[in-house]
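The values are calculated or read from the model by the stated rules, or taken from the named source; none is laboratory data. What you see is a predicted model, and the numbers here were worked out from it, not measured in a lab. Note that we place each Cβ from the backbone using ideal geometry, even for glycine, and neighbour counts take in every protein chain shown. The area values use the complete protein model at the heavy-atom level, side chains included, leaving out ligands, DNA and RNA. Shrake-Rupley method; radii C 1.70, N 1.55, O 1.52, S 1.80 Å.
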Amino acid sequence: MSMHRPLLTQREAATACGVSRSTIRRRREAGDLPGCVQDEERGRLIPVDAIERGLAPQD
């Protein structure tokens, strides 16, 4: 049995985090959201755990 991490589209991630899609894209391009994959049908997919780590408030 393989374990799959939940993946969100950039739009879903932006909505869940209360930020713009541009913010998600910039953070992804900066390497703050590791593990992103390209899906032919859904576009860029971002692991939920990467979003939780990558968009955590900075201390």
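Below are the figures for this structure:
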quantity: Carbon and sulfur %, accessible surface of the chain computed with the full protein complex present, 1.4 Å; calculated: 48
quantity: Rounded to the nearest 20 debye, dipole of the chain from Cβ charges on Lys, Arg, Asp, Glu; calculated: 180
quantity: Where the stretch 4-59 is the region considered: accessible area per residue in Å², 1.4 Å probe; calculated: 70
quantity: Sites residue 15 and residue 53 - FRET efficiency at Förster radius 25 Å, r taken between beta-carbons, to 0.05; calculated: 0.85
quantity: Cα-based Rg / Dmax (Å) for the chain; calculated: 11.2, 38
quantity: Sequence of 52, 40 from largest to smallest accessible area, 1.4 Å probe; calculated: 40, 52
quantity: Residue 22 paired with residue 42, simple spin-label distance in nm, labels 7 Å along Cα-to-beta-carbon; calculated: 2.6
